[in-house]
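Reviewing the structure listed below.
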Amino acid sequence: MENSTSFSRKDNDDDHSGPESSSVSHTIDTKSDGEEAPGPSDPEMSLPQAIEDIDLLIQRLSSTKAEDHELLPSEVPKSVEFLYDAVDSMVTKYENKENPPRLGINHDDDVSFFDSMNRITNLVKNFNKFPPYSILSSSLNKATVILHRAMSFLEDEYRTILEISKRRVLEHKTPKTPKQMTSSESDRCMLLEPECKEEELDFPSFSPEAIETLNKISTVMIASGYERECCLIYGALRRNAFNDELSELGFDNISFDEVQRMQWESLEGDIATWINAFKHCYIVLFSAERSLTDTVFSDHRQVSRKMFSHLAAAVVVRFLNFSDAVVMTKRSAEKLFKFLDMYETLRDLIPHINDSYSSECKLDLIEEVSMAKTRIAEAAASIFCELENSIKKDQGRVPVPSGQVHPLTRYTMNYLKYAIEYKDTLEQVFKQVHDTDGSTTGSKPNTTPTITTAVNHHDDDGGSDKSQFSIQLTTVMDLLDANLDIKSKLYRDPALRYIFLMNNGRYILQKIKSTTEIRELMGANWCRKRSTNLRQYHKNYQRETWSRVLQTMSPEGLLVNGKVVKPLLKERFKNFNSLFEEIHRTQSTWVVSDEQLQSELRVSISAVVIPAYRCFLGRFKQHLESGRQYEKYIKYQPEDIETFIEELFDGNPVSMQKRR
């Protein structure tokens, strides 16, 4: 075969038919904004005509093996030089436009430009197959120069489109202030619903035309061997856009040292912001970003997945850095609930790390999130277990006045009431910490909580083994019981001791019964035992207080030979009056805050004392009525006794003499 074969269209060929020639049949305009731009080498050739010739050349080159380079044409077709000049002219024309972006203004021009770039890219790929001394080497050098210039222009244009869209977001967004949300407003940090659905559409804030242009630029840059440059620009600017979006959500970069120095009230607000921003990211923003990336890199799925994976991973790591810093702060009881909120946020994130991520990134990201979740779990379990230590350390030697509910009881039960709102989460936390046996990488030294083992701990109601959290809860309750028993012994008056135990026992039982989750965890048998203990305290109180009063009304010894011994009778009435007045004076200052318990005590006292007094009075008052100082001995009627009993346990000392 002769090697003088040429693949260029003849100069006098008037056949300009074909799909491309019908859409663009004019020659290239070499002027822009009054300046002369370099024109094509053959002004009589049209761009569609040149492209048609080049497509034939590319087809022939593609089918020619490298070792068969002697079969190449003796000269490069004129259409190739025409295309080079045409592209060079197009770039000049674009660059001479005043306001970027320059692409996207004239659709036909853009189509011609990208079609031409695709041909040059294919030419370079095919030219590179052959030895550098071939007839194509000179044309390859020129193509490389043209390609480099065009790529420089496209890089600038790519960057401009991405940056303009970012500025448009910042100009139209209204800043949010989730930092204002603290625990005083909500113990649980819930994902705030967007105020307007349009806000979700603001991100990533690209017009369809801009996305189409980004897609075309990405496609031609990757095809031309500029994938690295394309990805660097896209990745850097999308990370910047994400950072701006997070700032709009109120989440800013806070260093590790800054977190350690922050007061809890301020840090609590930042945690609330972290939670809402993080959830908004993986529920709303990541989905929008993935859709954008898939569209921009629609012809390169692997690149798309890689770009999204790297961006999402960078954002997630930023969030994880904050959570790790928070975990390292000094632990205290009030931090538990925000720690659990953070744990739930990371737990709920993991299912969202799906096949949208590259395989390697997916595994790495799941591992990072899981490790961060484990660190938070250890911290949360440690804080909860610290409640046990605080109960053990509460060794105050001063009894609570009037036998009231002890502050430790109120604190512990209210703490558990809030904690039980996180029942499922705490179950997961204690199970995870127990399963890892406290050896998870990254935990603070000597701070791994001591988790009571679940072995041989069976439900009191005959059920299966208790959960780890249920065991911890039972441990707390047992410690509180033991502590209260010790504190009850600080009272010198045994009756007040039992009032104290009743007050605290009733408070605990009411809190348990009012919270379904705690009641289920503790079990029905535990509640029954608690009720039994309360009844026993009640009996002990009555025995300590009112048994002596009842003894004064015993008829034993008052009759001698069938006659009443008046001096002894008078002494009995005096003893009754004295004891009852002392009890009233003392126990009216005592406090039983639970109205039902207060009523039960008064009713039980009345049921024992008033019938006995009425019987005693009815039987023996006639023996004193005729004597002097009758009222000295019979000072009270049964109705008076009932009235005075109703004044017990109010915490208001009232003189019986003033009342009379």
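The values are calculated or read from the model by the stated rules, or taken from the named source; none is laboratory data. Note that this is a predicted model, so its numbers are computed, not measured. Cβ atoms come from the backbone with ideal geometry, glycine included; neighbour counts cover every protein chain shown. The protein model used for the area step is the full one, side chains on, heavy atoms only, and it has no ligands, DNA or RNA in it. Shrake-Rupley method; radii C 1.70, N 1.55, O 1.52, S 1.80 Å.
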What do you reckon, is S287 farther than 20 Å from I366 by Cβ, hydroxyl-bearing (S, T, Y) and open to solvent by 30 Å² or more (accessible area, probe 1.4 Å)?
-> no
Go through the residues of segment 373-384 one by one and say whether even a single one is aliphatic (A, V, I, L, M), in contact with a Ser or Thr (Cβ under 8 Å, 6 or more places away or on another chain) and open to solvent by 50 Å² or more (accessible area, probe 1.4 Å).
-> no
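Conditions (1) closer than 16 Å to E639 by Cβ; (2) touching a residue at least 60 places away in the same chain (Cβ under 8 Å), marked per residue:
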| site | (1), (2) |
| --- | --- |
| S578 | no, no |
| T589 | no, yes |
| R602 | yes, no |
| F616 | yes, yes |
Looking at (1) of a type in the set (A, V, I, L, M); (2) open to solvent by 20 Å² or more (accessible area, probe 1.4 Å); (3) over 23 Å from the mean Cα position of the chain (by Cα), can you tell me which one L363 breaks?
-> (3)
With criteria (1) modelled with pLDDT of 90 or more; (2) in contact with a Leu (Cβ under 6 Å, 6 or more places away or on another chain), D110 comes up short on (1)
Restricting the first residue to segment 500-522 and requiring it to be under 18 Å from T475 (Cα atoms) and of a type in the set (A, V, I, L, M), which pairs with a second residue that is open to solvent by 30 Å² or more (accessible area, probe 1.4 Å) and part of a helix (DSSP H, G or I) meet a Cβ separation below 7 Å and a spacing of at least six or different chains?
-> I512/R519
Take G403 and decide whether it is crowded, with 19+ Cβ neighbours inside 10 Å and of a type outside the set (A, V, I, L, M).
-> yes
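Every residue, every condition in (1) over 25 Å from E367 (Cα atoms); (2) at pLDDT 90 or above; (3) surrounded by fewer than 11 Cβ atoms within 10 Å (Cβ to Cβ), yes or no:
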site	(1), (2), (3)
E421	yes, yes, no
V429	no, yes, no
T436	no, no, no
N446	no, no, yes
Output for segment 564-601, where each listed residue is β-branched (V, I, T), over 17 Å from M502 (Cβ atoms) and out of contact with any Gly (no Cβ under 8 Å at 6 or more places or on another chain) | V564
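Working only within segment 290-323, note down all residues that are of a type in the set (A, V, I, L, M) and under 22 Å from the mean Cα position of the chain (by Cα).
L311, A312, A313, A314, V315, V316, V317, L320
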Taking L103 and the conditions (1) in a loop (DSSP other than H, G, I, E, B); (2) aliphatic (A, V, I, L, M); (3) open to solvent by 20 Å² or more (accessible area, probe 1.4 Å), which numbered condition does it fall short on, given that it satisfies the others?
-> (3)
Would you kindly identify the helices (runs of 4 or more DSSP H) lying entirely within segment 463-543 that contain at least 1 residues that are under 21 Å from G396 (Cα atoms) and touching a strand residue (DSSP E or B) at 6+ places or on another chain (Cβ under 8 Å)?
-> 494-514
So A312 clears everything in (1) open to solvent by less than 20 Å² (accessible area, probe 1.4 Å); (2) farther than 23 Å from T374 by Cβ except one condition, right? Which one?
-> (2)
Having 1 or more residues that are within 29 Å of the chain's Cα centre (by Cα) is the bar; report the helices (runs of 4 or more DSSP H) wholly within segment 206-281 that clear it.
-> 227-248, 256-261, 264-280
Pair list, Cβ < 6 Å and 6+ apart or interchain, from segment 622-649 residues that are among the hydroxyl-bearing types (S, T, Y) to residues that are surrounded by 15 or more Cβ atoms within 10 Å (Cβ to Cβ) = Y630/L624; Y633/K570; Y633/F573; Y633/L624
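For the subset of segment 144-180 comprising residues that are in contact with a Leu (Cβ under 8 Å, 6 or more places away or on another chain) and modelled with pLDDT under 80, which member is surrounded by the most Cβ atoms within 10 Å (Cβ to Cβ)? Break it down stepwise before answering.
Of the residues in segment 144-180, the ones in contact with a Leu (Cβ under 8 Å, 6 or more places away or on another chain) are 157-159, 161-163, 166, 176, 178.
Remaining after also requiring modelled with pLDDT under 80: 166, 176, 178.
Working: K166: 21, K176: 18, P178: 19.
It comes out as K166.
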Return yes when L484 is surrounded by fewer than 18 Cβ atoms within 10 Å (Cβ to Cβ) and aliphatic (A, V, I, L, M) and no when it is not.
-> no
Please specify each residue of segment 528-569 satisfying the condition of being polar (S, T, N, Q) and open to solvent by 60 Å² or more (accessible area, probe 1.4 Å).
-> T532, N533, Q536, Q551, N561
Consider T515 against the criteria (1) modelled with pLDDT of 90 or more; (2) open to solvent by less than 60 Å² (accessible area, probe 1.4 Å): it satisfies all of them except one. Which criterion is unmet?
-> (1)
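In segment 238-262, what count of residues is obtained for those that are of a type in the set (A, V, I, L, M, F, W, C) and open to solvent by 20 Å² or more (accessible area, probe 1.4 Å)? Break it down stepwise before answering.
Initial filter on segment 238-262 (of a type in the set (A, V, I, L, M, F, W, C)): 241-242, 246, 249, 251, 254, 256, 259, 262.
Narrowing further to those that are open to solvent by 20 Å² or more (accessible area, probe 1.4 Å): 254, 256, 262.
Count: 3.
Quick one: how many residues across segment 99-119 are touching an Asp or Glu at 6+ places or on another chain (Cβ under 8 Å) and over 19 Å from A50 (Cβ atoms)?
In the first step, residues of segment 99-119 are kept if they are touching an Asp or Glu at 6+ places or on another chain (Cβ under 8 Å); the result is 100-104, 115, 119.
Among the residues that remain, those that are also over 19 Å from A50 (Cβ atoms) are: 100-104.
So the count comes out to 5.
Here is a yes/no grid of residues against (1) more than 27 Å from P653 (Cβ to Cβ); (2) of a type in the set (S, T, N, Q); (3) in a helix (DSSP H, G or I); (4) open to solvent by less than 60 Å² (accessible area, probe 1.4 Å):
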{"residue": "E571", "(1), (2), (3), (4)": "yes, no, yes, no"}
{"residue": "K574", "(1), (2), (3), (4)": "no, no, yes, no"}
{"residue": "E582", "(1), (2), (3), (4)": "no, no, yes, no"}
{"residue": "R585", "(1), (2), (3), (4)": "no, no, yes, no"}
{"residue": "Q598", "(1), (2), (3), (4)": "no, yes, yes, yes"}
{"residue": "R602", "(1), (2), (3), (4)": "no, no, yes, yes"}
{"residue": "S606", "(1), (2), (3), (4)": "no, yes, yes, yes"}
{"residue": "Y613", "(1), (2), (3), (4)": "no, no, yes, yes"}
Report whether or not V317 is at pLDDT 90 or above and open to solvent by less than 30 Å² (accessible area, probe 1.4 Å).
-> no
Return yes when N141 is surrounded by 14 or more Cβ atoms within 10 Å (Cβ to Cβ), within 58 Å of the chain's Cα centre (by Cα) and at pLDDT 80 or above and no when it is not.
-> no
Is it the case that E265 is farther than 19 Å from V284 by Cα, at pLDDT below 95, of a type in the set (D, E) and open to solvent by 30 Å² or more (accessible area, probe 1.4 Å)?
-> yes
